[in-house]
Amino acid sequence: MNKQFLMGNEAIGLAAVAAGVNLVSGYPGTPSTEVLETIAKENDGSIYVEWSVNEKAALEVAAGASYSGARTLITMKQVGLNVASDPLMSLEYVGIEGGMVILVADDPGPISSQTEQDTRTFAEYSKVPCFDPSDAQEAYDMLIEAFELSEKYKTPVFYRPTTRVCHSYQSVSVKDYFDYEYHRPDGFIKDSKRWVIFPKLSYINHAKIEERNIIISDELSSYNRNTIVRTNSTKGIVAQGISFAITKDILDSIDFENKPNLLKITTPFPFPEKLALEFMDGIDEVLVLEELDPYIERHLVYVCGRKNIKVTIKGKITGDVASSGENTADLIKSYIYKFMDWKLDSDSINLSNTPELPVRPPVLCAGCPHRASFYAVKKAMKGRDTIFAGDIGCYTLGNAMPLDMVDTCLCMGAGVNIAQGVGRIKPDTKCFAFVGDSTFFASAITGVVNAVYNQAEMTLIVLDNSTTAMTGHQPHPGTGRTMMGEFTDKLDVEQVLRGVGVDVVVRQNPYELEQAVKVVKETADKPGVKAIIFESPCAVIVKPEKPYEVDSAKCIDCRKCIKEIGCPGIVVKAGKVSIDEALCSGCGLCSQVCPVGAISKKGERL
Amino acid sequence: MSTTNIILCGVGGQGTVLASKLTAAASMAKGLEVRSAETIGMAQRGGSVMSYLRIGDTASPLITKGSADLIIGFEPGETVRLLPYLKKGGVVITSNRAIMPVTAALLDSSYSGDSMVEYLKAQEGNLVGKLLTIDMDKALEELGSPKVMNMVLLGAAARGGFLGEVTIDDIKSALVKKVKPQLHELNFKALEYALI
């Protein structure tokens, strides 16, 4: 063993390598992304690693490998599980051969997501066993056990860390490489009775799964990571994940005599019912500290009702714990103190006279090509009746003032269809859908096919920055690179669009502002489905050009540059507009917006 | 063993993460347990960012308000924002240089770093046990690089003895392992810059 300072996701990635994983697939999504990236980095060539086109593809590729006896890991964020749910629901009925761990990172808050959905609830719905680590060390240690459970019962299993586990660092004890397991799959063995799902097979396997999950529940009741700490109190706290870790810190740091009993649940499904009953023996009041759904709380209420046990269960359902958002350390502390009737130390300082603090909503970076694209469409459509359907990615930030160019955002790939629906109700609306290149390949192509087939009136804007920017620049089918370090043919967005029947496809550099505006005007007024691909690489991955500067002698202080495009590189210093050289990428959009030509490349002043 | 709780805060892209990682590496090299947590994802894009760093035996990287021994602020407004996390009598080391949010330029807001620094000064002796404000424009100009703000702040913390058992020499040893050789001299100068 050796110790490394690792992010939770890195620990999980290293654990997968140590467990002899054979195939890893996934789709990027905060807070899950670094797991697959770590494996790709540590790969000695013996593991097949890919960013799949979306989560459904990732799960299906892994299913094929698991059928063939391989140990597989699939990574995604919680909303990605919605995309993968179709194969998943059936796969649970079919089962697997090689161990399969489906890593789904949940995001209480939510910090970087659309929903606060809970994979533990999904586990129960899909009948798939679920592990829920509470810190990076546990996330490392428990992964191999997840593979073992998967193989023992021939079922996929969920591995469900939350943001604070995924993205927290700690000194983690990891295996030395000579202790790594190597797993040799046998390859696919034909057996159509096993691998082809038919109603009869589903019926038979459904019964087996229900029986099996009772057995697993019993097994997990004695699982050594589900722990009870006993005290003399008649009160108890049940916690999971980071909420458990915070609770432990708080209980360890105080010297009250009557500390509560503490139960940690690391395997929410199948719920370790016997362990919960054992815990509640001698306890008359329980507080459940968990994030997202009141999952454990519901199970405790259920088991108490079924066994006719008189224990008061407090949590989200009873309003003792907030029903949404993160459990911060301060919230957990207040919940525990209230539950235990402890007095909160009140020597905190009153900071009420704080000066007004700056508001810092996330914005598109200085030099982001999306800003130029949005601005070109905005200018071209000024005064027209429009809908700008957005999508998931950095470009969702196009909703911020002053651009204000995202009217809707729902889920990956939805914008292209939403634009069609809006147009069906009010046909004279100019309907636009904005989609990034990675999202285009992940889930927007079918929406374009839908539009073409059903003769919609709309303009698709593909914001092609040659990367998956928001999650940290992962390659995708349009980039020509794979996670095995190989070069591959790039899929061309224009050819895909023409292939599915879009006849009008224009490629345009968004930084040629005047031309871009003209192209938008002309294209949008053509009939049917048409597309503009705005091509310019993400400002974060290209070397910045020489910065621009404001000639204060020419500047008339109209502040059009600030009010129109909202670039963080343009600031007001001592009452004057100026450009922050450290931020400016030299894109020059502001110089094309300035009405008096006061902005120019540094050293090239006219 | 006692725990040292540190908060590093600033605006996305200012280099809080490297400072946090160096301190963690230095702690581990001494055999100390360490945990940290930070902002990743959408909020990084120009938003407020913070890292928690805890040296010592703990179960979680997160801390409650009123329990940070030290706040290292990369931006004065962000330092003020996170002041409620400071333990009474704790230490604040902050840059005085304000980063203007886009909203300030748009709304003509009067945000300035000076009012934040004044506010921090008013808290000295009350909540703040020790305040060190660093004139960052001057520091970076004298050091000749806009990129060593994190080392100026971290050096001040280490030399002041505010990183628990972690010393400036521990930080330097960790830095040598993480940073390219041609940048060592500049970073060492930055670590030694602040008067403490």
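Every number in this text was worked out from the coordinates using simple rules, so none of it is lab data. It should be emphasised that the depicted structure is a prediction, and the values quoted were computed from it without experimental measurement. Cβ atoms come from the backbone with ideal geometry, glycine included; neighbour counts cover every protein chain shown.
Tabulated results
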read-out	value
Mean residue ellipticity (222 nm) of chain A, computed from DSSP H runs ≥ 4 via -39,500 (n - 2.57), nearest 500	-10500 deg cm²/dmol
Dipole magnitude (debye, nearest 20) for chain A, charges at Cβ of Lys, Arg, Asp, Glu	1480 debye
Those residues of region A:376-407 whose amide nitrogen sits under 13 Å from the label point placed on A:D428, 7 Å along Cα→Cβ	A:384-386
The protein assembly as shown - share of DSSP beta bridges that are antiparallel (%, nearest 5)	35 percent
Mean shadow area of region A:369-535, taken as a quarter of the surface of its Cα convex hull (nm²)	9.1 nm²
Added length on full extension, which subtracts the Cα-Cα distance from 0.36 nm per residue, A:T318 to A:K152	55.9 nm
Estimated FRET transfer efficiency when R0 is 25 angstrom, pair A:K602-B:E118 (beta carbons, to 0.05)	0.15
Kirkwood-based shape ratio for region B:60-196, expressed as Rg/Rh from alpha carbons	0.99
Residue exposure sequence - A:D106, B:D135, B:D169, A:D330 - by fewest surrounding Cβ within 10 Å	B:D169, B:D135, A:D330, A:D106
Relative contact order (%) - chain A, alpha-carbon pairs under 8 angstrom, separation at least six	11 percent
Region A:228-340: C-alpha pair distances exceeding 16 Å, %	54 percent
Intensity falloff of region A:2-221 expressed as log10 I(q)/I(0), Debye formula with alpha-carbon point scatterers, at q = 0.08, 0.10, 0.17 Å⁻¹	-0.25, -0.39, -1.19
For region A:450-524, the fraction of alpha-carbon pairs in successive 5 Å shells from zero, as %	3, 12, 19, 19, 18, 16, 9, 3, 1
J(HN,Hα) series, region A:308-314, from Karplus relation 6.51 cos²θ - 1.76 cosθ + 1.60, nearest Hz, glycine and proline x	6, 9, 9, 10, 7, 9, 10
Karplus 3J(HN,Hα) series, Hz, for region A:366-381 with 6.51 cos²θ - 1.76 cosθ + 1.60 (x for Gly, Pro)	4, x, 5, x, 4, 4, 5, 5, 4, 5, 4, 5, 4, 5, 5, 9
Dipole-positive endmost among B:L106, A:P270, B:Y193 within the protein assembly as shown (Cβ charges, Cα centre)	B:L106
Residues with amide H under 5 Å from that of A:F5, placed H, sequence gap 5 or more	A:V172
Burial ordering of A:C587, A:C304, fewest other beta-carbon atoms within 10 Å first	A:C304, A:C587
Amide H contacts under 5 Å for A:I533, placed H, 5+ residues apart	A:V462, A:V506, A:R507, A:Q508
Selection from A:Y169, A:G98, A:A139 lying farthest towards where the dipole of region A:83-229 points positive, charges on Cβ	A:G98
Relative contact order computed over region A:494-606 (Cα-Cα under 8 Å; 6+ residues apart), in percent	26 percent
Shape category assigned to the protein assembly as shown from the gyration tensor of Cα positions, a/c cut at 1.5	oblate
Relative contact order (%) - region B:19-97, alpha-carbon pairs under 8 angstrom, separation at least six	24 percent
Test item: Cα-centred dipole of region B:4-191, Lys/Arg +1 and Asp/Glu -1 on Cβ, debye	460 debye
Dipole moment magnitude, nearest 20 debye, region A:369-535 about Cα centre, only Lys, Arg, Asp, Glu C-beta charged	360 debye
5 angstrom amide H check on A:W51, placed H, neighbours 5+ away	A:M483
Karplus-derived 3J(HN,Hα), 6.51/-1.76/1.60, for each residue of region A:444-449, Hz, glycine and proline x	9, 4, 4, x, 5, 4
Inter-label distance for A:H473 and B:L186, nm, one decimal - labels placed 7 Å from Cα along Cα-to-Cβ	1.9 nm
Cβ-derived FRET efficiency at R0 35 Å, A:I254 paired with A:I309, nearest 0.05	0.75
Sorted by Cβ neighbour density within 10 Å, fewest at the top, the residues A:S243, A:S52	A:S52, A:S243
